[in-house]
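Remarks on the structure that follows.
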Amino acid sequence: SGHMSATPSTADETALKYTNTGWMFHTVAAIAVLFVAASSVPTPLYVVYQQEWGFSTAIITIVFAVYVFFLLASLLIVGGLSDYVGRRPVLIASLILQGGALILFLTAQNVLILVVARAVQGTATGAAVTALAATLVDLSSRRAGLANAVNPLVGLASGSLVSGLLVEYAPAPTHLVFVLLLTAFALAGVLVRLLPETAVRQPGAIASLQPSIGVPKNARMVVLRICPLLAASWALCGLYLSLGPSLLERLFALRSHILGGLIVTLLCGLGSLSAATAFRIPPERIVVPAGTMLAGGTLITLGGLASNIAIAAAMGTAVAGVGFGTAALACFGILGKIAGPEVRGELMAVAYMISYLAFSVPSVVAGVVATRINLQLVAEVYGIAVVVFSIVAIGAWQANYLRGLR
């Protein structure tokens, strides 16, 4: 099935034989998008489940938190595994797990099964995203920066939008979308079987399972410097995904499953477009403009919320979206430049850890706090924190840049 022998010489020759990596690269990127889309599909459905089974909003944040907890555990434990056993075995295992999760969603009769399905889905996604990200760097380290930045954004945007449309217009909303996803993942499984192995197997697979966040010495400063920007951008995304629809309803009296999906699409869709546009610019030059747009856009959105002007909130979201996309591009581009082949899986795991922690922890806290306090106040405090983090990120980058730490 196209496994490479472990001797470096043949591995290098095999790597050179991938003349036509175009279709492979696009296939792997598409599967990465599919995994993220599948994870955001349940978001608009929670309201439907809530009506059917009657549970509190706090339960929704728990379902969300369970997914992220298992995703992070999976990143910690198997994040670097594909560096040892190869990318394909990790991918095939994740696809099988994801299939299991989708079958659980299809047959769910109560919240407990939803929680289990989200746990399985988180485990599968954590294993898959790092193996897929590392495969993209294997195939083309130059284009991987863009793909790894944009894949989660495209997945989040398309998953929540398609799901919102289906909930609004299609029959059997809690079933149809999972049947469609199962079909898509079955196809992905066939495609992964056709892909060649891009990693050289090396001993140490079992030792790599010990949860460790390893950042190679030469990469530590860089990772520390991009940390605040990654955190600020993903924290903003988490706010939109978890509380966005509730804010629309509460503040602007806009009640629609599609609008809830649309604001996520506005943020993430513009994010992907702007990352694609800025792709030719060296990533280290994008950090400051990205941080500025993130801070500026968030401030405009906060102004819109405070003055109750929906169009201002939408414009702010658009500006923040551009900041979000370019921030992701900058961070993943910089990491792709410094990641050696033997630590790619591990470094991508670190980047996704930071992203997902920032994406989940603040929004879960906000969701829990919002049941006690005014939702608008929670959103404002959250937004100001994003602005502060963005400014810290710009400062950290500039300070080191001026000191000549390139």
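The values are calculated or read from the model by the stated rules, or taken from the named source; none is laboratory data. Quick caveat, the model's predicted, so the values are computed rather than measured. All Cβ positions, even for glycine, are placed from backbone atoms using ideal geometry, and neighbour counts span all protein chains on display. Only protein heavy atoms, including side chains, enter the accessible area calculation; ligands, DNA and RNA are left aside. Shrake-Rupley method; radii C 1.70, N 1.55, O 1.52, S 1.80 Å.
Give, in whole angstrom and from largest to smallest, the semi-axes √(5λ) of the equivalent ellipsoid of the stretch 28-185, with λ running over the eigenvalues of the Cα gyration tensor.
For the stretch 28-185, the ellipsoid semi-axes come out as 28, 17, 13 Å.
Given H placed 1.01 Å from N in the peptide plane, which residues other than close sequence neighbours of T198 have an amide H under 5 Å from its amide H?
Under 5 Å from the amide H of T198 lie the amide H atoms of R87, R88, each far enough along the sequence or on another chain.
Treat the stretch 255-314 as a sphere of radius equal to its Kirkwood radius over Cα pairs and apply Stokes-Einstein at 37 °C in a medium of 0.692 mPa s; give the translational diffusion coefficient in µm²/s, rounded to a whole number.
251 µm²/s
Beta carbons within 10 angstrom, averaged per residue: use that to sort the peptides 127-136, 297-306, highest first.
Ranked from most to least packed, the peptides come out as 127-136, 297-306.
Based on the alpha carbon coordinates of the chain, what radius of gyration and maximum Cα-Cα distance (Dmax) apply, in Å?
20.5, 64
Please state, as a whole number in µm²/s, the translational diffusion coefficient that the Stokes-Einstein equation yields for the stretch 317-406 at 20 °C and 1.002 mPa s, with Rh defined as the Kirkwood radius across alpha carbon pairs.
139 µm²/s
With a 1.4 Å probe and every protein chain kept in, tell me what percent of the accessible surface of the chain is carbon plus sulfur.
71 percent
Using only Cα atoms, what is the ratio of the radius of gyration of the stretch 153-281 to 2.2 N^0.38 Å?
Against the empirical 2.2 N^0.38 Å value, I get 1.43 for the stretch 153-281.
Per Stokes-Einstein, at 20 °C and 1.002 mPa s, what whole-number D in µm² s⁻¹ belongs to the stretch 257-406, with the Kirkwood radius over Cα pairs as the hydrodynamic radius?
130 µm²/s
Which ³J(HN,Hα) values in Hz, rounded to whole numbers, follow from the phi angles of the stretch 305-313 under the Karplus curve 6.51 cos²θ - 1.76 cosθ + 1.60, where θ = phi - 60° and Gly and Pro get x?
5, 5, 8, 6, 9, 4, 5, 5, 4
Quick one: Karplus J couplings for the stretch 239-247, per residue in order, coefficients 6.51, -1.76, 1.60, θ = phi - 60°, nearest Hz, x for Gly and Pro?
For the stretch 239-247, the Karplus curve yields 4, 5, 6, 8, 10, x, x, 5, 5 Hz.
Ranking request for peptides 278-289, 359-370: highest mean number of other beta-carbon atoms within 10 Å first, then the rest in descending order.
Output ranking for 278-289, 359-370: 359-370, 278-289.
Tell me the mean residue ellipticity at 222 nm calculated for the chain from its helices only (DSSP H runs of n ≥ 4, each -39500 (n - 2.57), averaged over every residue, nearest 500).
The helix-only estimate for the chain comes to -28000 deg cm²/dmol at 222 nm.
Calculate one ³J(HN,Hα) per residue across the stretch 58-70 by plugging θ = phi - 60° into the Karplus curve 6.51 cos²θ - 1.76 cosθ + 1.60, and present them in order as whole Hz with x for glycine and proline.
4, 5, 4, 5, 5, 4, 5, 5, 4, 4, 5, 4, 5
Over the stretch 214-351, with the other protein chains present, what is the accessible area per residue in square angstrom, probe 1.4 angstrom?
On a per-residue basis, 37 Å².
For a quick check: with amide H placed at 1.01 Å from N, whose amide H comes under 5 Å from I309's, ignoring anything fewer than 5 positions away on the same chain?
Placed amide hydrogens put nothing under 5 Å from I309.
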